[in-house]
Every structure is written in structure tokens, then in C-alpha cells.
1. Give the number of residues within segment 623-647 that are closer than 26 Å to residue 583 by Cβ and touching a strand residue (DSSP E or B) at 6+ places or on another chain (Cβ under 9 Å).
2. Consider segment 153-190. How many of its residues are crowded, with 20+ Cβ neighbours inside 10 Å, more than 18 Å from residue 406 (Cα to Cα) and not small (Gly, Ala, Ser)?
3. Can you go through 259, 244, 307 and tell me which one is within 28 Å of the chain's Cα centre (by Cα), more than 26 Å from residue 87 (Cα to Cα) and not in a strand (DSSP E or B)?
4. Of the conditions (1) surrounded by 13 or more Cβ atoms within 10 Å (Cβ to Cβ); (2) more than 27 Å from residue 652 (Cα to Cα), residue 571 clears all except one; give me its number.
5. Residue 240 - would you say it is within 24 Å of residue 209 (Cα to Cα), crowded, with 20+ Cβ neighbours inside 10 Å and at pLDDT below 95?
6. Only residues in segment 786-815 that are within 21 Å of residue 655 (Cα to Cα) and at pLDDT 80 or above count as the first member; pair them with residues that are part of a helix (DSSP H, G or I) and among the β-branched types (Val, Ile, Thr), Cβ under 6 angstrom, at least 6 apart or cross-chain, and list the lot.
7. Taking the conditions exactly as written (crowded, with 24+ Cβ neighbours inside 10 Å, touching a strand residue (DSSP E or B) at 6+ places or on another chain (Cβ under 7 Å) and of a type in the set (Val, Ile, Thr)), does residue 277 satisfy them or not?
8. Got at least one residue in segment 290-297 being assigned by TED's automatic domain parsing to the domain that holds residue 333, surrounded by fewer than 16 Cβ atoms within 10 Å (Cβ to Cβ) and over 24 Å from the mean Cα position of the chain (by Cα)?
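The values are calculated or read from the model by the stated rules, or taken from the named source; none is laboratory data. The shown structure was predicted, so the numbers you read here are calculated from the model rather than taken from an experiment. Ideal geometry is used to build each Cβ from the backbone, glycine not excepted, and the neighbour counts take in all protein chains shown.
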Amino acid sequence: MATSPVFTILVLGLSLFERNTVFVLSESMTNDPPVRCIPLATASSPAFSIDGDFIIGGVFSIYYTMHTEIYNYTILPGPPWCTGSINSRELRFSRAMIFAIEEINNSRELLPGIKLGYQIHDKCAAVPVAMYAAFQLISGKNTVFYKDKNCSQSGMVAAVIGGSGSTSSIGISRITGPFNIPQVSHFSSCACLSDKQQYPNFFRTIPSDAFQAVALAKLVKHFGWTWIGAVCSDSDYGNNGMASFLQAAQKEGICVEFSESFYRTNPYNEIQRVADVIRRATAKVIVAFTASGEMKVLLEELARKPSPSRQWIGSESWITDPNLLKFDFCEGGIGFGIPKSVIPGLRDFLLDLSPSEVAASPLLTEFWENAFKCRLRKSKPYSLNEKKTKIDLRVTNMVYKAVYAIAHAIHSVVCPKKNLTTKCDKHLMLESKQVLDALKKVNFTKNGYPVSFDANGDPVAVYELVNWQKGESGNIELVTVGYYDASLPINKEFHINGNLTWMDGRKQVPVSVCTDSCPPGTHKVLQKGKPICCYDCIPCPEGEISNTSDSSDCFPCPIEFWPNPEKDSCHPKPVEYLSIDETLAIILAAVSVGGACLAILTAAVFFHHRTTPIVRANNSELSFLLLFSLTLCFLCSLTFIGAPTEWSCMLRHSAFGITFVLCISCVLGKTIVVLMAFKATLPGSNVMKWFGPLQQRLTVVFFTFVQVLICMVWLVLRPPFPMKNFATYKERIILECALGSAIGFWAVLGYISLLAVFCFVLAVLARKLPDNFNEAKLITFSMLIFCAVWLSFIPAYVSSPGKFTVAVEIFAILASSFGLIMCIFAPKCFIILCQPEKNTKKYLMNKN
């Protein structure tokens, strides 16, 4: 006998599934059709059901737990059933589905003349029960299921709403998918369900966790939390959601101290272990990507033993669950929830139940008492105005939208529009594939809320940011403080528009970091073997700054800037040069001007006594020229004081070189005159006629012209120029004159030195001439001082830093100038002014 793949899945699934339901083939395994599949076990009854032209299935977690039984294999196992306390939230979901179907049945626009029925099953948050319910929905209530070409869809529902968890929805989709029965979930947000290759029949009205995970990571980053703990349900919803969150958190630079997963049916010691991890954690912020059932178990365990305050960040599955608001130690918790909505008439529908009707159903009795905080009294019926309880509709609206989405899809199939009129055919053999295809194209707006699905069966992701705040009554309330809209541009999706309350009712944002923030001026250095959020704060190296907190590195200041003492900003470096207002510059300038005045006074004395023997005997013309050049030497040192400019740099070096050569040329001329004068006293000598006044002038002009020529070449080819010296000091700038051409500078100095050495040698040769007042002795001493000063100048000039280089150069100019004027002219002035009796020709010619 040949069987179809769909039929094989049904038979194998029912026979292997939990050993709760067994189907057998009633006919022989031959080619004789038809084939009958008869359930041997009794099917469980739906929690709520009503017949109709087309049936919509529903799977909700009305009870919290599944009854477990140990089988002894002596009797046939019965169907699984639910027990424990009732989840009033899930019961409200089922009642909202009934309300929407009744509203559609009373509508004249949607499915007119068509009555929708429903079969609502309780899966008690257990995957086995959810799958059992799925098998019942695809087979209907028929005791015999016929499988052939004509009646293959006879017992199937048109579509399924549910389940309330991702794992159960995966199980339901695996069963309904091969039959092309569309499944629309109101509360299954696992991103894995967007895979159309595995779940081609799956749609949902709640956003995918892929969006919520990113939103939660941005929320954590927004408040500066970089050190968090994480817990999740050990299910498809929790594990996939947490994996997406951790990936998004890593991109945001968030570190996770621990990540724990658990399930509510785990042994107690496992739940206790997770609670102890949270208690011992150093992270103050805990992100919980858990289902409501797991969170209830965890919070109950945490409530047993007080633990340090924690800032809870919750996923939409539990953060808006009113049943968890009783855990007041979670005050300040924040998370994303489905936006609040208004479904006209639903509150009245939930309240408009007679006491007898409610009392007849244990489900409705417990729902009434929990949802509206009242005790049902059979003796006194309730009126609608007696209880004004506010019902917060969030996920309930997702159920409402799912029912309407399916109704619109059925409408497009059974109510085709022809000739501008719509006529519905309730006798149409509705194929589930038709509903599936129509559901992909659904696009409508109900009560102001748009409903549509993208290619993955997902809606647009919109969340409200909710905060657990303590109200005036002392009870925890949900307060909307912002929203997240994935359809907005990047970095504009997340908004906070309300005041938040944090853990323990604080108004300040708690701090949760592995290491305190590194202040500006330091940078982070990771601690070995720890996450990137754990680091040491190391001060920036010299010359570098960091101007932001938690800087990963320091960066150097621009070359003309230097860090402040805190190393958090760059300030302009102080500019250093020998300024005229400095004490050292003032002293040097005063000495320079004083030296020039001394030379002028000496010239005045010589001019006033120009007819005396001592002035006439020492070549008065060269003496006056020497005093003039010394005056220039003293004054040229002033060009070294002040900020260097292009002209001052060229002037100071050229003026220095030329005036000193002029000075040394005069001294050299006087030395030669002394030697020639001694030679002229010898019999038969006429040497003086070869070195008369004209030759003396020409000698001075020639030697000076050579220096002028050297300076001109230097200034034309590579002249000195002002520059900023960044090398000598890191923290300040030295303004100085660059030499331009070092060869030109040392050529100027070398030429001066050459003349000075030559003059010194001649003066040494003439020092022992027999005259009583021999000027060669004075020149010898002056040249000795001159050479000593400039020999010591070279190492001092090279090693002196910054502005002291200029000071050394000025000092050398002044010292050598004073050496010349004091050695050559001071003794003569002393005789002229203090010992006039010696200012005679007889005394000067005396050889004793």
C-alpha cells in the first residue's frame, strides 16, 4: 500500500509521541483504499470550543504545569493533562481569542454570513502537551481519520493561534507545517522562527527577538553599564534570544560576568545555584531573557534569602507580566514590552459573565478572582460598574490581531470580490494552503494598529520601555517611560521620555562596571586573563594626552603644544627667547651700552689730549678707529636681544663678524706700526715709508673687506633665519636664529680667529722692545684675553641650551671687547688723567 509523506508523519508522530496516543491502520497493508486511522486513546477535550463553518485552533498555557505520572506499562497511557495553578494572563489570551471571533461573527464587513468556530487547548507550558494539542487540531474531533485525495482536509482547522512560547511553537510548526496549516503566534519571539526554510507556515504578531536583543543591548549601553550578568530560559526562546543579545552586547563593548540558563522544571539545587551566582556577582545589572514561568521560579528562590540589590533588565516575556509585580525587590526593573493597546469592548466582555457562568468553570473562576482582585460570591451577582479594575492589554492585543489576520486571510479566499460585490461561500472546501498564501498578503489596520507580515512572517518591531515603579498604594506598577521603533532610522530608534526609578527606588542611575571609569589623562590597559571591561588606568606618557574618559590610548599633542599637568588637554608651548624684559637681558644690555659709553668716553679723552705725547706716540688715527669699532662691537650685542626676526638674524651675525674684524684689523695695524717703528730706528732703515698712514688705512680696509665679502656670500647663498627649536626642550619652544649655512658662520669666526692669532704672534714678537711705554705689551695681553674668551666660547656655545646660547655669545662679545679696551686704552687714560707728569716725550723714550 502506498501512503503519502503527510500521512506517514501523522502516523509516526502520533505513535511515537509520548506514547500517549496510538493510531492503527484498520485495513490491511494492501493497495485497497481507503485508509482509516483510528485513535486508540481517548482525546482530551478542548478548554473552550464552539462549532462553526471554519474552525480556528488555539494553544495557550492556561495551567502552569503538566501532570507527570510514572507508568508501569500494565495499562495504556492516557492523554497528558495539565495541573497546578492557573496563569490568568494566558486565560485572558484565550478569552480575547473568543471575543475576537465573536466580534467577527457579528461583523457585516468581515466574513459576512460566515460563522467562525474555535478549539482552544491548554498546553500548560509543556512542549509534549503542545504537540499533543497540535495533533488534535489537525485531526479535529473525528474518531476516524480518512486519508485519501478527496477528504484529506476533512478534520483540519483553518489555522492555529499559538503557542505562547517559542519552543512550543517550534513543536507545533513541525506538526502543522507539512499540512500547510498556517500558524500565527502571539507570544513566540525567537528569531529562529523567522527561518522560512524550517518554518514555512509560521507567522507572528509579536516582533522577533532579533530586534529586542539589539534594543536591550542599546539600552544597557545607553546607561553606561559595561559589566552585567545574564540569565535566560533553557529553551529556544531564551537560548536564541540570549545568543542574539550577547552578540549585540559585544558590539556595544559590554562585558558579561556570567551567563546562566535554567528551566523551571530543573531540580531545586540547579535553581538555587543560579540564584547564588546572582547573589555573589559583582555586576549590579542583570539581564534576564527568560519566559515568565522561569522568572517566577527564579524570583521565588531569590526571595527566600535576601541578596544585594540588583538592577533587573527584562525581556518582553516577563517584564510586563502582572503576576510578577508582587516581587517588590525588583523595583526599578526596566525592559521592553509590547505596546499597550485598547480593544473596545474587551473589558466588558471579560466582566460580563454571570456568577453562575463563572462558577461553572474553574478556569474562569480563578481568572476572575486574580484579574479583578475580588472574591466571587455566588449569592450576589456582580454588575459591570461594581469593579473598575484597569486591565493592561499588551500581549492580549497580539492575540486579537492574530485572529483578525486569519479572518482576513479566510475572507480573501471564501469571499472573492466580483463585479464590485462580495459574496462569501461557506460551503467552500477550504484548503489550508489557500489560507497560508492569503495570510502572506494580509495588510489591514484594526483599532489604529497596523497588521502585516514581511517575507519572514514578522511584523514591524515596536516596543514600549516600561519601568517597575512603586505607586501611591505601595504596590509595584508598570510605567511606560519610552519606546523603541525598529522602523526609524539608525540611532534614532530608541527614545526615553519619562523619569525612571532604579533599584531600591533610587533616582540616580546605578553604576555597574568591572573597573571604574578611567579619567581623562589616563588610558586603559587590559588586565591579563580578564574581559576587555576589566582594566587598569595608566597615566599617559610624557607629551601625550587623553581627553575622554575610558580612552583606550593616548595621543601626542601637536608639535607646538604640550599637555597640561592633568594630561587631558594640549596647551600652546611657552615660547622662549632672550627677551628684553628679562633680568639677564637687561644686565647684558646695560653692560653693552656701558661698554659703548666707555669707548666713547675714551675717545673723548684721547681727542681732548690728542696733542700730548702719549696719544701721538700710539698712532692716534688707528686708536680712534679702534675705539669706533669697539663701540660698534659693544652695540652689536644688542641685536642678539629680543625675538629673532629675519632681518635681526642676518644683522646680528654679519655685524658681529664685520665689527670684530674691523677691531682686530686696527689692533693688527697698531702692532705692525710698533714693529715698523722699532725697525725705523735702526741705522739706514727707511721701512716706515712703506707703512705710513695710507698703508695703515689700506691694511684695515683690506682685512675688513675680506670679512665683508665672506658675510655677503653667506647672506646671499644661505643666510641665517629665525626658527622654532623643538628639539632642545620638549615642553617649550626656543626661538633662535638658525645659522643657515654653518660653513658661513664658522668661516666668519675662523677669519676673526686667524687675524687674532696673527696679531697675537706679532705682539709677542714686539713685547720686549726697549721703549718705556711699549704698546705691544698691551696688545699682547689684549689678544691673549681675546683668544682665551673665544676659545672658551666654542664649547660653551655648543652646550648651552636655548636662550643661554645667545647669552653666551653676547658675553663673549662683551668680554673680548672689554679685554681690548681695558688692556690697550686703560693704562694710557690712567697716565693722561692721573699721571700727567709721565705724559712727556722724555719719559716715553726712556729705555730704563
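1. Qualifying residue count, segment 623-647: 4.
2. Matching residues across segment 153-190 total 4.
3. On the way: 259 fails: not in a strand (DSSP E or B); 307 fails: within 28 Å of the chain's Cα centre (by Cα).
Of the residues listed, the single one that is within 28 Å of the chain's Cα centre (by Cα), more than 26 Å from residue 87 (Cα to Cα) and not in a strand (DSSP E or B) is 244.
4. Unmet condition: (1).
5. Numbers: within 24 Å of residue 209 (Cα to Cα): yes; crowded, with 20+ Cβ neighbours inside 10 Å: yes; at pLDDT below 95: yes.
For residue 240, the condition - within 24 Å of residue 209 (Cα to Cα), crowded, with 20+ Cβ neighbours inside 10 Å and at pLDDT below 95 - is met.
6. As it stands, the answer is 812/789; 814/591; 815/789, since those pairs meet every condition given.
7. Values: crowded, with 24+ Cβ neighbours inside 10 Å: no; touching a strand residue (DSSP E or B) at 6+ places or on another chain (Cβ under 7 Å): yes; of a type in the set (Val, Ile, Thr): yes.
Taking the combined requirement at face value, the residue does not satisfy it.
8. The first filter runs over segment 290-297 and keeps only residues assigned by TED's automatic domain parsing to the domain that holds residue 333, leaving 290-297.
Those left that are additionally surrounded by fewer than 16 Cβ atoms within 10 Å (Cβ to Cβ): none.
Looking through segment 290-297, none of the residues is assigned by TED's automatic domain parsing to the domain that holds residue 333, surrounded by fewer than 16 Cβ atoms within 10 Å (Cβ to Cβ) and over 24 Å from the mean Cα position of the chain (by Cα).
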